[in-house]
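Asker: One structure, as structure tokens, below. Some questions next.
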Amino acid sequence: MSGALSWGFLGSGRFGARCLELLAAWRLPSWIVTAPPRPAGRGRAPAPTAVDAFAAAELARVPLVRSSDASSDGAVSALVERFQADFCFVIDFGQMIREPLLKQGERVGCLNIHPSRLPEYRGAAPVQRALMDCRAKTGVTVFKLAQGMDSGPVLLRREVAIARDDNAETLLKRAAAVGASAFIEYASRQPMDGWAFEAQDGSLATNAPKIRLEEERIDWERSSREISGLIRALAPRPGAWTTVRGRRLRVLAAAPVETDAADCAEPGSLCGVMEGGVAVQTGEGLVSLREVQPEGKKVQRAPDWWNGLRATRGERLS
């Protein structure tokens, strides 16, 4: 029965940590596996994963193993064997799960909460790709892991609306909340023996590969709508970027200009303060930069950056 359910968790990133937080509020996991600390920040000091940091602060009683290859790690196998669970979640883990770990908990196996309506946006960057595609909605799917990329049978799907001011961080947080709450509701009313999985239609699959470094640079020849989508998809990190006077400028918030403003020259040209931001000419329309980070400086409002730069109308970003 659902009241006796036990589960393990494998995850590392921020989305995984948020899902773990929500699921643990429903029922504590039997065990946790995450990646080892990695160098981070300017000093490149080893930093724990987001899952590790959350578990240390809130789930200190739950057994935890750090592993760079969970599927072949004897410490992970011993953990799973000692604290047996009915199934496990693998969320934002960054490692391929192989046998025998893939079948941990034979009746259900390994589940994933994926922030898209599978088979749409299979891959590492579903939320980012949905924002780059300027979608008005996406979804979240709870499914069973299989050998193929995000191709396993589906337990449930839910729709997630995309707000005009969403970026990758806010949309991922909402997807985690929708996915975790949907699973908890399902598991609370449906005994595990009755969980029904439905095969995905592979002919409808689309891909959401990891964002490439070359995609992070803003191409001002594109439309204001496309550029705004890119900026939202990469915010707050790593951040879309451009250059001004030979130095990099990260753009963390922007929106298409709604007015029928006249063109102010070539794509990439600065057009002055407009609608609470700094307007830039694109290949189609104007985009208003709202929040930027000049190289070596802190994040700031775009009009403050404009004033400090003492830019002139027509100066170009590239």
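The values are calculated or read from the model by the stated rules, or taken from the named source; none is laboratory data. Predicted model, so just to flag it, every value in this text is computed and none were measured. Here the Cβ positions follow ideal geometry from the backbone for every residue, glycine too, while neighbour counts run over all protein chains shown.
Asker: Residues Gly123, Gly94: which one is in the same structural domain as Ser72 (by TED's automatic domain parsing), modelled with pLDDT under 95 and of a type in the set (Gly, Ala, Ser)?
Answerer: Details: Gly123 fails: modelled with pLDDT under 95.
Just one listed residue meets the conditions, Gly94.
Asker: Go through segment 47-67 and report how many residues are of a type outside the set (A, V, I, L, M, F, W, C) and exposed (fewer than 11 other Cβ atoms within 10 Å of the Cβ).
Answerer: Going through segment 47-67, the residues of a type outside the set (A, V, I, L, M, F, W, C) turn out to be 48-49, 52, 58, 61, 63, 66-67.
Still in the list and also exposed (fewer than 11 other Cβ atoms within 10 Å of the Cβ): 61.
The total comes to 1.
Asker: From the list Gly268, Gly246, Gly239, exactly one residue is surrounded by fewer than 23 Cβ atoms within 10 Å (Cβ to Cβ) and under 16 Å from Trp306 (Cβ atoms). Which is it? First the steps, then the outcome.
Answerer: Details: Gly246 fails: under 16 Å from Trp306 (Cβ atoms); Gly239 fails: under 16 Å from Trp306 (Cβ atoms).
Of Gly268, Gly246, Gly239, the one residue that is surrounded by fewer than 23 Cβ atoms within 10 Å (Cβ to Cβ) and under 16 Å from Trp306 (Cβ atoms) is Gly268.
Asker: Within segment 26-40, identify whether any single residue is under 17 Å from Leu111 (Cα atoms), at pLDDT 95 or above and polar (S, T, N, Q), and answer yes or no.
Answerer: yes
Asker: If I ask for residues that are part of a helix (DSSP H, G or I) and hydroxyl-bearing (Ser, Thr, Tyr), which ones from segment 1-40 would you list? Outline the logic, then answer.
Answerer: Pass one, segment 1-40, residues part of a helix (DSSP H, G or I): 2-4, 14-26.
Matches in segment 1-40: Ser2 only.
Asker: Scanning for something of a type in the set (D, E, K, R), at positive phi and loosely packed, with under 14 Cβ neighbours inside 10 Å, does segment 180-191 turn up at least one residue? Write out each step before concluding.
Answerer: If we filter segment 180-191 for residues that are of a type in the set (D, E, K, R), which is where we start, we get 185, 189.
Narrowing the set further to residues that are at positive phi leaves none.
The answer is no, given that none of the residues of segment 180-191 is of a type in the set (D, E, K, R), at positive phi and loosely packed, with under 14 Cβ neighbours inside 10 Å.
Asker: Could you tell me whether segment 249-257 includes any residue that is more than 16 Å from Arg217 (Cα to Cα), part of a loop (DSSP other than H, G, I, E, B) and assigned by TED's automatic domain parsing to the domain that holds Ile218?
Answerer: Restricting attention to segment 249-257, the residues satisfying the condition of being more than 16 Å from Arg217 (Cα to Cα) are 255-257.
If we keep only those that are part of a loop (DSSP other than H, G, I, E, B) too, we end up with 257.
This time we only want the ones that are assigned by TED's automatic domain parsing to the domain that holds Ile218, so: 257.
Yes: one or more hits.
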